Amino acid sequence: MKNPAYSKDPCANRRWFRDLLWRAFPAQSERELAEKASAVLDVSHRQVINWLREEHDPKLRYIMAVLALAGAEIVFRRIEG
């Protein structure tokens, strides 16, 4: 069984979530993304910045919300062409 505690890249999960945030909330800057995401996710602007800078792990409810948003964004992008 694989144990994530023995991962060769312990920041991989934070990096994955950071990339997911960029996909779910397309923006020109970190600040713009933080403003959008904080309003939708009902967290502080600083919390989103911490996620983007890979300083904190998000709770599961935020991961699921961003996954849903990123998935919907991908679908709408395909529909729009």
Yes/no for Arg18 being open to solvent by 100 Å² or more (accessible area, probe 1.4 Å) and modelled with pLDDT of 85 or more = no
Would you check which residues across region 58-72 are surrounded by 13 or more Cβ atoms within 10 Å (Cβ to Cβ) and closer than 16 Å to Asn13 by Cβ and list them?
-> Pro58, Tyr62, Ile63, Val66, Leu67, Ala70
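Quick grid of which residues meet (1) in contact with a Cys (Cβ under 9 Å, 6 or more places away or on another chain); (2) basic (Lys, Arg); (3) more than 19 Å from Gly71 (Cα to Cα); (4) assigned to a helix (DSSP H, G or I):
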position	(1), (2), (3), (4)
Arg15	no, yes, no, yes
Arg23	no, yes, no, yes
Pro26	no, no, no, no
Glu32	no, no, yes, yes
Ala37	no, no, no, yes
Gln47	no, no, yes, yes
Asn50	no, no, yes, yes
Glu54	yes, no, yes, no
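The values are calculated or read from the model by the stated rules, or taken from the named source; none is laboratory data. Everything numeric in this text was worked out from a predicted model, so none of it was measured. Neighbour counts are summed over all protein chains in view; Cβ atoms, including those assigned to glycine, are modelled from backbone coordinates with ideal geometry. Side chains included, ligands, DNA and RNA excluded: accessible areas come from the protein's heavy atoms. Shrake-Rupley method; radii C 1.70, N 1.55, O 1.52, S 1.80 Å.
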